[in-house]
1. Setting aside same-chain residues fewer than 8 positions from residue 141, which aspartates and glutamates have a Cα under 18 Å from its Cα?
2. Give me the net charge for the shell around residue 130: Cβ to Cβ below 15 angstrom, other residues only, Lys and Arg +1, Asp and Glu -1.
3. I'd like the orientation of helix 177-186 relative to the chain: the angle between its Cα long axis and the longest Cα principal axis, in ° from 0 to 90, rounded to 10.
4. Percent of accessible area on the chain owned by carbon and sulfur, 1.4 Å probe?
5. Just how much of residue 222 is accessible, in Å², when a 1.4 Å probe is used and the result is rounded to the nearest 10?
6. Quick one: how many Å² of residue 81 are accessible to a 1.4 Å probe, rounded to 10?
7. Can you sort 254, 50, 363 by 1.4 Å-probe accessible area, starting with the largest?
8. Cut-off under 15 Å on the C-alpha distance; same-chain residues fewer than 8 positions from residue 248 excluded. Which aspartates and glutamates are left, in chain and number order?
Amino acid sequence: MTSAPVRIGLLGCGTVGQAVVRTLLEGGATIERASGHRLEVGPILVRDPRKPRPGVDPALITTDPARVLEDPSVSIVVEVMGGLDPALDYLRTALGRGQSVVTANKQLLSRHGQELLQAAQEAGAELRFEASACAAIPVIKVLRESLLAAGITAVTGIVNGTTNFILTEMARGGLAYGDALARAQELGYAEADPTEDVNGADAAAKMAILSSIAFHMRVTIDDVPYEGIDRLEAEDLEHAGSLGFVVKLVGVARLLNGSVSVRVYPALVPRGHRLAAIGGPDNAVLLESRTTREIMLVGPGAGGAETASAVVADLLSILGTHQGSFLHNALADSGRTIAAPGSVESAFYLRMSVSDRPGVLARVSSIFGDQAVSIRSVVQSGSGDEASLVLVLHSGPEGRVVAAVEGLRALADVRGEPVLLRVLGSGEGGG
């Protein structure tokens, strides 16, 4: 028996918003048959009402947020407009009125997620955000429901499709970073302004969300140090390949002696590692726990239709949930702290240009020796009076490696800025 229609109000109607409308219209009969609920598209807030939106009823379009937020017939508000302002105020208002909310806004959640969860909990409303992490991959649902009591020990992932595509093109096609980025933009895998993708901020926001759920603690983007791929050069990928690695931008969250380390960085991934085979714009998240060992989720991490599928899944999940947030008591802090970055252990790859003359390698080795950092392998190639020196370091405390690199910068024989990359599969990176 079908109940009364459930009216959905939308904040934003760009690529994702239009895909949500299409999915609800095209899949309406299936949704109603399977769930017993008829979903109805209500008012839609947009910035520019003149912009064409194929398949969207113009009568639903408005530039007045009150039509969405103060309409008593709207049961659930879907936010797909992005950004912090005015999205945060809109969601505060919706939750304050007792409206449930579905959002795909990772930057908003990574900064204000706890506040919004608190508001939902106090109002007896729902706050769902599966689409904020890896679009169509249901990693939040798996962490919060299927693996809630599994004792997660690590979350390791490729959670940004733009950078994964760029690195894949650089490795397979030998493209320079700029050319690979241009290719990604041409194919729609990168925004006109790709800064948050290539500098690691997008991945850091997603890892803040995932680690908060995985480890039952409050992690914001400010707790996640991140590095991007914009300083990588084709020769680093070539060296990695010759050493048996591929380069990926990874997010790594791990339990370390009762604390949690959450970070994003480009890393050398052994070819035999599960994440090494994930190419193009795909995402993948590897979940490790005490009870299930390893589970990997793979799929498209971006795209209008893909993100819309997660939004609609959240809508249906809300309809099947009784009063109270599905993250009830998610605000209860487990008491874990953020691990000090210098205490984290990892192996490293280091590339630098040095003067090609006797004694340089000995001076470099001495600096690492002073910091008790062991060198696993050295590859040296010379050209004129300059040589390229590539070192792979054994796993050790990161603080010592950073101190050693500071010492290298002070050497007159070191030219330019050394390139330092972590190696996944040892220390923090797990296996």
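1. 126, 130, 288, 294, 306, 314
2. Local charge sum for residue 130: 0.
3. Once rounded, one gets 20 degrees.
4. Reported share for carbon and sulfur atoms: 49 percent.
5. Estimated to the nearest 10 Å², residue 222 gives 120 Å².
6. Its accessible surface works out to 40 Å², give or take rounding.
7. On the way: 254 35, 50 205, 363 95 Å².
Descending order: 50, 363, 254.
8. Within the straight-line cut-off, residue 248 pairs with 169, 197, 202, 227, 230, 233, 235, 236, 238, 282.
The values are calculated or read from the model by the stated rules, or taken from the named source; none is laboratory data. What you see is a predicted model; the values in this text were computed from it and never measured. Ideal geometry is used to build each Cβ from the backbone, glycine not excepted, and the neighbour counts take in all protein chains shown. For accessibility, only protein heavy atoms count, side chains too; no ligands or nucleic acids. Shrake-Rupley method; radii C 1.70, N 1.55, O 1.52, S 1.80 Å.
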